[in-house]
Amino acid sequence: MPYHNLDVYQKAYKLALDVHKTTLEFPKVEQYEMASQLRRASESIAANLAEGMGKQSSQGEVRRFIQMAIGSCDECRVWLEFSHDLGYLEKEELREFDERFNEVGRMLRGVQKRYSK
């Protein structure tokens, strides 16, 4: 199954782009720390999904990469909470990102279930 056709990949990719654009507005002091960490974590969701789907010969490898994508998704939510609490994100921005990461996480868990059989 090519990863580009997966709804979860498309949503994760778009979400990573939006996170990237948002973090460019963080203070300069955070560009190499929190903003960079948040960008890397959000981008790794789509990247791990793509890499896992490329390893179709081994269900175990697919599951491992999907699990890493789920971990990155959860990591993003923590960085977003820090960003909000430090005043870099408005409450509404946090809520919107949180909902979107929640959705991607649910979708990833659905893909994971397909490869757990």
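The values are calculated or read from the model by the stated rules, or taken from the named source; none is laboratory data. None of these values were measured; they are calculated from a predicted model. No Cβ is skipped: glycine too gets one built from the backbone with ideal geometry, and neighbour counts run over all protein chains shown.
Check Lys28, Lys14, Lys55 and return the single one that is out of contact with any Ser or Thr (no Cβ under 9 Å at 6 or more places or on another chain) and either aliphatic (A, V, I, L, M) or farther than 30 Å from Tyr115 by Cβ (or both).
Lys28
Report the residue count in the range 59-85 for those that are without any contact (Cβ under 8 Å) to a residue 12 or more places away in the chain and more than 11 Å from the chain's Cα centre (by Cα).
5
Which residues, taken from the range 61-117, are exposed (fewer than 12 other Cβ atoms within 10 Å of the Cβ), modelled with pLDDT of 95 or more and not in a helix (DSSP H, G or I)?
The answer is Gly87, Glu90.
For Glu99, indicate whether it is touching a His at 6+ places or on another chain (Cβ under 8 Å), of a type in the set (D, E, K, R) and closer than 18 Å to Lys21 by Cβ.
no
Kindly provide the set of residues from the range 26-38 that are over 10 Å from the mean Cα position of the chain (by Cα) and without any contact (Cβ under 8 Å) to a residue 60 or more places away in the chain, ordered by number.
If the condition is that a residue be over 10 Å from the mean Cα position of the chain (by Cα) and without any contact (Cβ under 8 Å) to a residue 60 or more places away in the chain, then Lys28, Val29, Glu30, Gln31, Tyr32, Glu33, Met34, Ala35, Ser36, Gln37 are the ones that fit.
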